[in-house]
Structure formats: structure tokens, C-alpha cells
Amino acid sequence: MDQIKIGQFIAQKRKACGFTQRQLADILNISDKTVSKWERGNGLPEVSLMLPLCKALQINVNELLSGEDLTDANYKQKAEENMMDFAREREESKKKIILAAVVSVMALVAGFTLMLLTKKLEMAQWLRIVLIVIALLEIICGIGVACALDLNAGTYECRKCGKRFVPTAGAYVNAPHTITTRRLKCPHCGKVSYCKKRLTH
């Protein structure tokens, strides 16, 4: 989906309805920074906000996701394209999560193998220290890359209000987690809960 086109469409429709960013944000019970982010093309509205946003802007979800007014002639085609975009986004998120897991495992195996070798083999003390530092860096970098991939794969859904969001890198790294959930503070309702990982925005 073309986020910049969708953002420009939201801005155009908001102005046509006579709303400021703050007024539209108040209707949706979100911050005006979120509306500004959409209009700059830096993110899409969460699924839970799409219907209220469309109602406020007097458009339908298909038009929102297409970033343009639709006629009866091209409505069906655009609906199919939007469904395919959602399916593609889901598949890309799955691939990122799998790649993140593979990178983590490879980094851990390579790092710990190198550390074991420094214990088993005879070598100068300085070389042993260098290899241990390299092993630690390998583990840290691998986990860092895996976290970045996972953070950019989909969103987290708040258990309290049901809204989806992408956490900050700091909140993501520091949050206790299970395989499919992470303890995060929702930016919408402000409550902390084990938020479920979702593969789409």
C-alpha cells in the first residue's frame, strides 16, 4: 500500500470536512501527532481506527486503503488489490519473524562455539581475549539484528483497548515477553498488559 498516497488522501478529506488535525484526533480519541504521522505517510491507521476514521471523513475503507475516491467501476478491482496488499504484508511479516529467529540462533551458536574453542585450544592470552570479544560482539549484533527485524514485522495489540501499535525500540527491548506476547504500555489507553503480536498493521 502507498502510505504517502493514503496520507495525502486523509489530509485532503480532513480539510474537505473542515477539520484540523486536532479536531480529527479528538473525534478518534488519539493524539494529533498520530494524525500528522498518517498524513506524512509514516504509517497507516490501525485496523481498529479505520471504520471511525472513514465515518469521520465520509469515505469507505476501500477508498481509504486505495488513497483515492472510487467509482462503482473500479471499486471491486481496488478491493481485490487491497486484500492482496494485506496478504502480502502478512507474508512479509512472517518472513521477517522467521529470519529474526534464524539470525538469533546462528549468532548464539557461532558465538558460543567460538568461546568454547578459546577454552579448548592452546593460544596466547591476548588472542584468547580478542576471540572472546569477537564472540560477544557476534552474539550482541546477531540479537540486535533479530530484534530490529521482529520489531518491524507487524504490530502489537493491546489486551485492554484492542488497538494496535508499534512500540519504541527501547520499550520493545526492555519488555518481558513470551513467544507471541510482550508486556508493553499501550500508547492509546496507557495501560500495561501482555500485548499480542499481530502480523499486519
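Values in this text are rule-based calculations from the coordinates and carry no lab data. Only a predicted model underlies this, so the values are computations on that prediction, with no experimental measurement involved. Note: ideal-geometry Cβ built from the backbone for every residue, glycine included; neighbour counts use all protein chains shown.
I need the Debye-formula profile for the chain: one equal scatterer per C-alpha, no solvent, reported as log10 I(q)/I(0) at q = 0.15, 0.18 1/Å, two decimals.
So the normalised log intensities are -0.97, -1.23.
State the dimensionless ratio Rg/Rh of segment 75-184 (Rg: radius of gyration of Cα atoms; Rh: Kirkwood radius).
Working: Rg = 19.9 Å, Rh = 16.8 Å.
Rounded to two decimals, Rg over Rh is 1.18.
Once the piece of chain linking Lys94 and Arg128 is laid out straight, how much longer is it, given 0.36 nm per residue of separation minus the C-alpha distance between them? Don't skip to the end; give the middle numbers.
Working: separation 34, 0.36 × 34 = 12.24 nm, distance 3.89 nm.
Additional length available on full extension: 8.3 nm.
With N residues in segment 90-151, what two-decimal value do you get for its Cα radius of gyration over 2.2 N^0.38 Å?
Working: Rg = 14.6 Å, N = 62, 2.2 N^0.38 = 10.6 Å.
The reported ratio for this selection is 1.38.
Note the per residue figure in Å³ for the convex hull of the C-alpha positions in segment 11-116. Before the final figure, lay out each step's value.
Values: hull volume 13.6 nm³, N = 106.
So the per-residue Cα hull volume is 128 Å³.
Rounded to the nearest 0.05, what FRET efficiency do Lys191 and Gln3 give with R0 = 41 Å and r taken as the Cβ-Cβ distance? Could you check?
On the way: r = 28 Å, r/R0 = 0.68.
Rounded to the nearest 0.05, the efficiency is 0.90.
What does the charge add up to near Asn74, with Lys and Arg as +1, Asp and Glu as -1, over the other residues with Cβ less than 14 Å from its Cβ?
Values: positive: Lys76, Lys78; negative: Glu63, Glu68, Asp69, Asp72, Glu80, Glu81.
Net of charged neighbours comes to -4.
Report, in whole Å, the centroid distance computed from the Cα atoms of segment 179-201 and segment 1-67.
Each part reduced to its Cα centre gives a spacing of 22 Å.
Cys147 to Ala73: FRET efficiency via 1/(1 + (r/R0)^6), r the Cβ-Cβ distance, R0 35 Å, to the nearest 0.05?
Details: r = 46 Å, r/R0 = 1.31.
That gives a FRET efficiency of 0.15.
Between Leu137 and Arg183, take the C-beta separation as r, use R0 = 35 Å, and let me know the FRET efficiency to the nearest 0.05. Present the calculation step by step, with values, prior to reporting the outcome.
Numbers: r = 28 Å, r/R0 = 0.81.
The value I calculate is 0.80.
How large is the helix-only mean residue ellipticity at 222 nm for the chain, computed as the sum of -39500 (n - 2.57) over DSSP H runs with n ≥ 4, divided by its residue count, in deg cm²/dmol to the nearest 500? Before the final figure, lay out the partial values.
Details: 8 runs with 129 residues, N = 201.
Per the formula, -21500 deg cm²/dmol.
Kindly flag which residue pairs out of Lys94/Lys163; Lys96/Lys196; Lys95/Lys185; Lys95/Lys191; Lys37/Lys163 have an alpha-carbon separation exceeding 24 Å in this structure.
Details: Lys94/Lys163 21 Å; Lys96/Lys196 17 Å; Lys95/Lys185 26 Å; Lys95/Lys191 30 Å; Lys37/Lys163 17 Å.
Over 24 Å Cα-Cα: Lys95/Lys185; Lys95/Lys191.
Just the number, please: Stokes-Einstein D of segment 3-70 in µm²/s, Kirkwood Rh from C-alpha pairs, 20 °C, 1.002 mPa s.
So the translational diffusion coefficient is about 188 µm²/s.
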